[in-house]
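Enquirer: Pasting a structure below so you can have a look.
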Amino acid sequence: MNNFYERNSALSDDSHNPMKQARFTGIPTFMRTPLVTDLSDLDIALVGIPYDGAVTNRPGARHGPQAIRAASTLMRSIHHVHKFSPYDLCRIGDIGDIELSRMYEHEHVVREIELQYQRLVEADVMPLSAGGDHSVTYPILKALGAKGPVALIHIDAHTDTWDEFSGSKFMHGTPFRRACEDGLIDPNRTIQIGIRGAQETSEGWDYSLEQGMRVVFMEEFTALGVKQVIDEARRLVGDHPTYISFDVDGLDPVYAPGTGTPEIGGLTTIEAMELLRGLRGLNLIGGDVVEVAPPFDPSGNTALVGATLMYEILCLLAEAKAKEKSP
């Protein structure tokens with residue numbers, strides 16, 4: 001008897017394109033891209049990191065990658081502003097989730113994530129990741145910044161440059177302090193956008209400023225406007241290899257309530273998309289969207305926001321990767 005695929009020509013036909021199928025069908029992958037195991041087939045890898053063992057209060061971001069995958073089935077191919085499809089520029093696929101064998105040992109988690117991203121670096125594959133809490137950006141930078149410090153564009157309500165919490169130096173409020181100490185990011189080419197919210201100590205703000213990072217508090221963002229902040233970011237990073245990290249709590253919680261540490265008075269989704277689009281043409285090496293915590297948003301809207309931000313960053317990365325590949 002013929003097997004299932006032979007009996008269903010739509011599945012066995014080489015021209016079958018999941019991007020053109022009904023969006024409620026199929027097994028969810030990021031942006032409905034193919035699930036890929038061979039890195040030699042890829043230019044850009046979409047990666048899930050289902051880990052939230054480093055949060056200080058509300059857990060839930062471990063469910064972020066699954067929820068973003070499901071929401072990303074709503075994404076389409078051609079960007080309505082850029083007028084191109086990232087899938088026409090690069091080979092893009094979902095490589096699944098980072099495997100964690102000892103997820104209750106945070107320092108071991110850092111090492112496991114780093115090793116798996118080292119594989120991507122060695123294969124010359126650019127990563128775009130969905131967290132997970134913001135601690136996961138540190139091991140990603142350990143892999144991407146191993147040969148020299150990278151520039152950083154960081155959108156967040158918090159600087160994430162505290163030293164420790166409850167005795168741990170590895171939590172979601174410390175990744176960029178650790179990255180700075182390790183020489184993985186260049187603080188003079190780092191901009192942190194959307195910072196706000198009362199704190200028990202000014203330690204994080206002070207550290208960022210003392211190291212030379214450009215900290216754009218939300219009040220300044222509002223006063224300057226998106227275009228001036230874009231100009232400032234572009235001036236700071238120049239043509240240096242640059243990583244984008246977007247914590248969804250950088251947005252106002254009316255747009256993204258499903259996150260662990262919400263702070264009112266943040267960016268709108270329109271401002272966020274305009275900001276990202278203004279980074280077009282930079283020397284980008286990767287990016288992430290973190291802190292989507294679906295249990296705090298039964299509507300699913302935060303996951304949709306996360307998926308849309310990933311798509312916006314994907315378009316930027318695809319252009320950068322295509323430029324890198326061109327003779």
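Readers should treat all values here as calculations from the given coordinates under stated rules, not as data from a laboratory. Worth saying up front: this structure is predicted, and the values here are computed from it rather than measured. Counting neighbours? That spans all protein chains shown, and the Cβs are built from the backbone with ideal geometry, glycine included.
Enquirer: Quick one: of K142/K323; K83/K142; K83/K325, which pairs are farther than 30 Å apart, Cα to Cα? Intermediate results must be reported in sequence, preceding the final value.
Expert: Numbers: K142/K323 24 Å; K83/K142 34 Å; K83/K325 20 Å.
Correct reply: K83/K142.
Enquirer: Report for segment 28-325 the percent antiparallel among DSSP-assigned beta bridges with both residues inside it, nearest 5. Intermediate values should be presented prior to the final figure.
Expert: Details: 1 of 36 bridges.
Taking every DSSP beta bridge within segment 28-325, about 5 percent pair in antiparallel fashion.
Enquirer: I need the phi-derived Karplus couplings for segment 19-33: 6.51 cos²θ - 1.76 cosθ + 1.60, θ = phi - 60°, integer Hz, Gly and Pro marked x.
Expert: Each residue of segment 19-33 in turn: 5, 9, 8, 4, 6, 8, 10, x, 7, x, 10, 4, 6, 6, 7 Hz.
Enquirer: Enter the angle in degrees (range 0 to 90, nearest 10) between the Cα long axis of helix 106-122 and the first principal axis of the Cα atoms of the chain, meaning the one along which they spread out most.
Expert: The answer is roughly 60 degrees.
Enquirer: Please compute the contact order of segment 144-302 in relative form: average sequence separation of alpha-carbon pairs under 8 Å and at least six residues apart, divided by the residue count, as a percent.
Expert: Working: 307 pairs, mean separation 39.6, N = 159.
Once divided by the residue count of segment 144-302, the mean separation gives 25 percent.
Enquirer: Another question, then. Out of these labelled values of P(r) over Cα pairs in 10 Å bins from 0, in percent, [x] 5, 24, 32, 23, 12, 3, 0; [y] 6, 28, 37, 21, 6, 2, 0, 0; [z] 6, 20, 22, 17, 13, 10, 6, 4, 2, 0, which was calculated from the coordinates shown here?
Expert: Looking at P(r) over Cα pairs in 10 Å bins from 0, in percent for this model, the match is [y].
Enquirer: To the nearest 0.05, how large is the calculated FRET efficiency for D206 and S168 if R₀ is 25 Å and r is the Cβ-Cβ distance? Before the final figure, lay out each step's value.
Expert: Values: r = 20 Å, r/R0 = 0.81.
Given R0 = 25 Å and the Cβ-Cβ separation, E is 0.80.
Enquirer: Which of L184, L236, L152, L224 has the fewest other C-beta atoms within 10 Å, and how do the rest follow up to the most? Mind dumping the intermediate values first?
Expert: Values: L184 24, L236 19, L152 27, L224 14.
Lowest to highest Cβ neighbour count: L224, L236, L184, L152.
Enquirer: I want to verify a result. In a Gaussian network model of the chain, Cα cutoff 10 Å, which of these has the top mean-square fluctuation: S208, S40, S77?
Expert: S40
Enquirer: Now for a different question. Is the C-alpha gyration tensor of segment 110-250 telling us rounded, prolate or oblate? Criteria: a/c under 1.5 is rounded; beyond that, a/b larger than b/c is prolate, otherwise oblate.
Expert: oblate
Enquirer: Can you run phi through the Karplus equation (6.51, -1.76, 1.60; θ = phi - 60°) for segment 69-75 and list ³J(HN,Hα) in whole Hz, with x for Gly and Pro?
Expert: 4, 5, 5, 6, 5, 7, 6
Enquirer: Along segment 258-264, what does the Karplus equation 6.51 cos²θ - 1.76 cosθ + 1.60 (θ = phi - 60°) give for ³J(HN,Hα), rounded to whole Hz, x for Gly and Pro?
Expert: x, 8, x, 10, x, 9, 5
Enquirer: Mind giving me the FRET efficiency for N17 and T268? R0 is 35 Å, r the Cβ-Cβ distance, nearest 0.05 is fine. If you can, show how the numbers build up before the last one.
Expert: Numbers: r = 34 Å, r/R0 = 0.97.
After rounding to 0.05, the efficiency reads 0.55.
Enquirer: Then there's this: To make sure I understand, if each residue's beta carbon is the centre and we count other beta carbons within 10 Å, what order do T269, T190 fall in, fewest to most? The partial results should precede the final answer.
Expert: Working: T269 17, T190 29.
So the ranking, lowest neighbour count to highest, is T269, T190.
Enquirer: On to the next question. Fewest Cβ neighbours within 10 Å first, please rank S85, S129 accordingly.
Expert: On the way: S85 14, S129 27.
Fewest-to-most ranking of S85, S129: S85, S129.
Enquirer: How far is helix 301-325 tilted, in degrees, relative to the longest principal axis of the Cα atoms in the chain, given as a value from 0 to 90 rounded to the nearest 10?
Expert: Between the helix axis and the principal axis of the chain, the angle is about 80 degrees.
Enquirer: Okay, helix-only estimate at 222 nm for the chain: each DSSP H run of n ≥ 4 adds -39500 (n - 2.57), divide by all residues, round to 500 deg cm²/dmol; what do you get?
Expert: Details: 12 runs with 114 residues, N = 327.
Roughly -10000 deg cm²/dmol at 222 nm, from the helical runs in the chain.
Enquirer: If you build a Gaussian network model of the chain, linking Cα atoms that sit under 10 Å apart, which residue out of H154, H240, H79 swings the most?
Expert: Maximum fluctuation in the GNM of the chain, among the listed residues, is at H79.
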